[in-house]
Amino acid sequence: RWAALAAVLSVGVALSPAVRRLAPARRAVPVRWWCGAIATALGVRVRVTGGPAAGPALVVANHVSWLDVPLLAAVAPGRMVAKREVGRYPVLGRLAARGGTLFIDRERLRSLPGTVAEVAGALRAGSTVVAFPEGGTRCGRELGPFRGALFQAALEAGVPVQPVAIRYRERSKAGTAGVAGGAGTVGTRAAFVGDDTLAASLRRVAAARGLV
């Protein structure tokens, strides 16, 4: 899995300059393929109920892990809203910037109106924007309060808001993996919370079996 992930990331780095120059509609195809390949490399199976809204929309989801980002991008590519620190991640930060990620400084509330205006501008330009209004990650078994600022961007741009629910389920003791809406329990192995490091989370996910 580590070798597969390294190969997928290398391909992403190599192709990202060319992909960045594509029109948004054409860019979605390689982005979906690449993000889906990340999940496959890590042994994560993706089950989807429903589908993305037609046209630009503000997609809002609960936030459990860094893994949420490639999984959502594999299903409904769009410009991500992420905290500024994500841009500093090795390799992934550079790829996020080249993919058009909108970075937000959560420590400076005065910058929030500018972020809302930037998101509204991206929506008006025809881009789907993906955000995590909880403002941080949770273990996956509970939700935090949704912050409402980015919803204003959808109002200003006149686009719909599409809610998305993300669940991570793990292989049960009987050896079968649970899926959304079916048997099995919500797992916390993919959660990226507290003082957890990206390296530790990657190792945990790569070692998981039956993660859905």
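What the table below lists for this structure:
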{"read-out": "Residue-wise HN-Hα coupling along the range 4-20, computed from phi with Karplus coefficients 6.51, -1.76, 1.60 (Hz; x: Gly, Pro)", "value": "5, 5, 4, 5, 5, 5, 5, 4, x, 5, 5, 8, 4, x, 6, 5, 4"}
{"read-out": "Pair Arg32, Arg209: separation of 7 Å Cα→Cβ label points (nm)", "value": "3.3"}
{"read-out": "Nitroxide proxy distance, nm - points 7 Å out along Cα→Cβ at Asp105 and Val186", "value": "3.4"}
{"read-out": "Vicinal HN-Hα couplings computed from phi for the range 156-170 (Karplus, 6.51 cos²θ - 1.76 cosθ + 1.60; Hz; Gly/Pro x)", "value": "5, 8, x, 10, x, 9, 10, x, 10, 10, 10, 10, 10, 10, 10"}
{"read-out": "Extension gain, Ala149 back to Ala97 (0.36 nm per residue minus Cα-Cα distance, nm)", "value": "16.5 nm"}
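Throughout, read-outs are computed from the coordinates displayed, never taken from laboratory work. Just so you know, these numbers come straight off a predicted model, no measurement behind them. Positions of Cβ are generated from backbone atoms using ideal geometry, with glycine treated the same way; all protein chains shown enter the neighbour counts.
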